[in-house]
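Remarks on the structure that follows.
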Amino acid sequence: MRNTLLCATSALALSAGALSAQENQHTWHGPYVSSQIGLTQHAATYEDVDYDWYGSTLDLLSQGGSAGIGLGYNFQSQNTLMGVQADVSALGNSEETIFAADVQIQNDLDLVVKLQGRVGHAVDNTVIYASAGLAYANFERSWIEFNDVPDSWPDLGDEKIGVALGFGIERAINERFSVSGAFTSSLFGENTSVNENDFPLRINDKIDELTFAINYKLGNVGNAADSVTLAGSPASFAGAYGGARIGGGFADIATSDIEYDEHGGTYDIGNTGGLAAVSGGYSWQLGATVVGVETQLTFSDLAESYEVDSVLAETAMEQSASIRTRAGMAVGDTMLYVLGGITAADVESMNGGDTSGTYTGLTVGAGVEQFFTDRMSWTAEGTYTLFDGQDDADTTDNGYYSTADLTTVAAGVNYYFGAQPRKTGSGAMAAAHDWSGGYYGADIAALANVGSVQDSDYYDFGGSFDVVSLGAGLGGHAGYNWQNGSFVYGALLDIAAYANDESQTADNYREVASSIAAMGTLRARAGIASGNSLLYTTAGLGVVQSDLSYEYLPTPNASSFDLSETRLGVVVGLGLEHALSDQMSFKVETLYFSSDADDYAQDPVQTCGGPDGFDGGDCEMTGQDSNVSVKAGLSFKF
């Protein structure tokens, strides 16, 4: 699968470049069909609400491939593309897990259907876009307990509808055919199943997809040529503005009982609801490049309560404040942008212990903004925040530790202040900088990582433990670009050292610790050049040096698990680069990384038993890492 990913991402950039002899502006308006293949990752969280299995939360990860077809329609106005696309994909995600040496869990995903809108920049023969919409998925799964069959859930499958967010790039080969690559993340709410013993099991799901498609345009190939502007200038997004947004969000708040005050596991509670936000900011603009700072205050009804083991568990995230940087490219009256910053949220978490407080996290996201008058614009964006949470150093609870993450999607309006009317945009600036050739440079980065430990052998009464660390890093990069008009594609290698370190500790019992020493990526990237600006998508392989452990205190202890590893995974992202001179440029990018999950035994190895017909084998725990990062870098051409 890892080799397939490298080939697919490389093929997206290289094949698009090799087949780009066409020099005239492509017309995207009209219907099209597509055929696509891809890689998928499915994360399922099983929540034992009534402590049938000691309140253990199980995080099960499966990876597979996909194949599908799509049908869409594009509307084009000058260099702005808006469209809608429906696609159906068959997936090969199937995972069987033996839990506690007594339970067989089958977790399969076979079908995903998406209906998404997309908005993007159409410059020459390339479109780069953001997308949002709805996703439908069919899950097939079961939980069979061999020594207590009535305590099983033979049919946990369900059909769910969720929210899909993504981004992509598409390159025309000729008047009819185009190739495209896209990343989509779909988030689904929980479904609940009750077994014969009246025990409920709640399940939340997330699906990440990286797809490569060949598209065929139907109908007239030239019906919108008169609406296309080949060269022009963007609207002015510079200055002060204020705005308001409404939307929805999903907050997952997880509490781990590190000290074994109750049953020693982790319990996740999903909080879904609406939100309203007010914001204000200031932007600077150099040609097509727009960079700014924005603050936002958000109010939401993300609150949930469950009766867990006859005790009421309550969580909520009802207010947050963030400060973030926006970096984008303006084409005509439209700007596509990436964002990164810090968010502080007021979190209520009463689940065994009281871990309520102010949680701080790293926020990444992307959005689109378009003027509809000379002072007012509409905007839509999606964001993800990973919070470091609250532990015993902040509260008076009995060894409880909580973490949280937040996904939002919102739309609204901005009003731009100033005495003079603003300049409206028309078309795209011609590429003014030569991006081709080799380059090298230095990076600074902010990283939020979650190191996950899964006790699937029920060695310590099961459970998942997520350790979130926030940190910073320094590194370097080198790469090579090819350029064909406004289309830029290439390859990038980077590496950075990080200072991410966090632990959950119960004195004289156990400690779950995670730290990231270094991370590197090898990525393809492809984007659009306008003026001195380059807006690009990127995808490839990531490698992280993870120090992850589940230790019994005091150390050393032969029963401990060392889950440290150099882990390989998938990395995707969006970025903006601005040329400061012929030889120097500055970039901002946001990245998402997720590794494989690997099993680790003790040293010396201990044996866990199993039911008749099953060999429990070595006692093992599973380790996995995922993270989001915001990078800023300075590059120099060879």
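The values are calculated or read from the model by the stated rules, or taken from the named source; none is laboratory data. As the structure is a computational prediction, the values presented were derived from the model and not from experiment. Backbone-built Cβ (ideal geometry, glycine too); neighbour counts: all protein chains shown. With ligands, DNA and RNA removed, areas are computed over all heavy atoms of the protein, side chains included. Shrake-Rupley method; radii C 1.70, N 1.55, O 1.52, S 1.80 Å.
Accessible area of Met335, 1.4 Å probe, to the nearest 10 Å²?
0
Please turn the phi angles of region 197-206 into ³J(HN,Hα) values with the Karplus equation 6.51 cos²θ - 1.76 cosθ + 1.60 (θ = phi - 60°), one per residue in order, whole Hz, x for glycine and proline.
Using θ = phi - 60°, the values come out as 8, 6, 9, x, 10, 9, 9, 10, 9, 9 Hz.
Taking amide hydrogens as modeled 1.01 Å from N in the peptide plane, which residues meet the under 5 Å criterion relative to Leu218, leaving out close sequence neighbours?
Tyr32, Val33
What is the spin-label model distance, in nm, from Ala432 to Val311 if the labels are put 7 Å beyond Cα along the C-beta direction?
Here the modelled spin labels are 6.3 nm apart.
Rounded, prolate or oblate: which one fits region 517-577, using the alpha carbon gyration tensor with axes a ≥ b ≥ c (rounded when a/c is under 1.5, else prolate when a/b beats b/c, else oblate)?
Taking the square roots of the gyration eigenvalues as a ≥ b ≥ c, region 517-577 is prolate.
For the Cα atoms of the chain, what angle does the longest principal axis make with the long axis of helix 2-18, in degrees from 0 to 90, nearest 10?
Its long axis makes an angle of about 0 degrees.
Please give the net charge around Ser581, taking every other residue with its beta carbon less than 12 angstrom from that of Ser581, where Lys and Arg add +1 and Asp and Glu add -1.
Charge balance near Ser581 sits at -1.
Over the chain, what is the relative contact order in percent, taking alpha-carbon pairs closer than 8 angstrom and at least six residues apart?
In percent, rounded to a whole number, it is 12.
Per residue and in cubic angstrom, what volume does the convex hull of the Cα atoms of the chain have?
Dividing the Cα hull volume of the chain by its residues yields 134 Å³.
So how far, in whole Å, is the C-alpha centre of region 506-527 from the one of region 296-354?
23
In nm², what is the average projected area of the convex hull enclosing the Cα atoms of region 138-297?
Across all orientations, region 138-297 yields a mean hull projection of 17.3 nm².
If amide H atoms are built 1.01 Å from N in the plane of the peptide, which residues on other chains or at least 5 residues away come under 5 Å of the amide H of Asn79?
Under 5 Å from the amide H of Asn79: Thr229, Gly427.
Kindly rank 272-280, 363-371, 193-201 from highest to lowest mean number of other beta carbons found within 10 Å of each residue.
Sorting 272-280, 363-371, 193-201 by mean packing, highest first, produces 363-371, 272-280, 193-201.
With all protein chains present, how much of the accessible area of region 383-505 (probe radius 1.4 Å) comes from carbon and sulfur, to the nearest whole percent?
Of all accessible area on region 383-505, carbon and sulfur atoms account for 59 percent.
Quick one: accessible area per residue over region 486-592, 1.4 Å probe, rounded to a whole number of Å²?
32
Sketch the reach of a paramagnetic label on Thr555 as a point 7 Å from Cα along Cα-to-Cβ, and name the residues of region 486-517 whose backbone nitrogen lies under 17 Å away.
What the label zone holds, given the 17 Å backbone N cut-off, is 500-517.
Could you check how much of the accessible area of region 517-638 is carbon and sulfur, as a whole percent, using a 1.4 Å probe?
Roughly 54 percent, rounded to a whole number.
Measure out, as a whole number of angstrom, how far apart the alpha-carbon centroids of region 433-467 and region 239-258 sit.
That distance is 21 Å.
Roughly speaking, to the nearest percent, how much of region 187-337's 1.4 Å accessible area is carbon and sulfur?
Answer for region 187-337 is 55 percent, counting heavy atoms of protein chains only.
Give me the net charge of Ser452's neighbourhood, meaning all other residues with Cβ under 9 Å from the Cβ of Ser452; Lys, Arg count +1, Asp, Glu -1.
-3
Hey, can you grab everything whose amide H is under 5 Å from the amide H of Asp618? Only 5+ residues off in sequence or another chain; H modelled, so Pro and N-termini drop out.
Cys608
So, counting K/R as plus one and D/E as minus one, what does the shell of residues with Cβ under 11 Å around Lys423 add up to?
With Lys, Arg at +1 and Asp, Glu at -1, the neighbours total -1.
Under the definition of Cα pairs under 8 Å and six or more residues apart, what whole-number percent is the relative contact order of region 142-193?
RCO, region 142-193: 31 percent.
So, with +1 on the Cβ of K and R and -1 on the Cβ of D and E, and no other charges, what is the size of the charge dipole of the chain about its Cα centre, to the nearest 20 debye?
Dipole of the chain, to the nearest 20 debye: 5340 debye.
So what are the ³J(HN,Hα) numbers for region 150-155, from phi and the Karplus equation (6.51, -1.76, 1.60; θ = phi - 60°), rounded to whole Hz, Gly and Pro as x?
The phi angles translate into x, 8, 9, 10, x, 9 Hz.
If you roll a 1.4 Å probe over the heavy atoms of the protein chains, what accessible area per residue do you get for region 340-443, in Å²?
Value for region 340-443: 38 Å² per residue.
What ranking do 431-441, 582-592, 180-190 get when scored by the average of other Cβ atoms within 10 Å per residue, highest first?
The densest-packed peptide leads the list: 180-190, 582-592, 431-441.
Work out from phi, with θ = phi - 60° and the Karplus expression 6.51 cos²θ - 1.76 cosθ + 1.60, the ³J(HN,Hα) of each residue of region 259-267, listed in order in whole Hz, and give x for Gly and Pro.
Once rounded to whole Hz, the list reads 7, 6, 5, 10, 10, x, x, 10, 10.
Which one of Leu534, Thr379, Ile444 has its Cα pushed farthest toward the positive end of the charge dipole of the chain, where Lys and Arg give +1 and Asp and Glu give -1 at the Cβ?
After comparing all options, I get Leu534.
Just to be sure I follow: if Rg is taken over the C-alpha atoms of region 457-563 and Rh is the Kirkwood radius over the same atoms, what is Rg/Rh?
My calculation puts Rg/Rh at 1.20.
Among the lysines, which have Cα under 19 Å from the Cα of Lys114 when same-chain residues fewer than 8 positions away are ignored?
Hits, sequence-local ones excluded: Lys160, Lys206.
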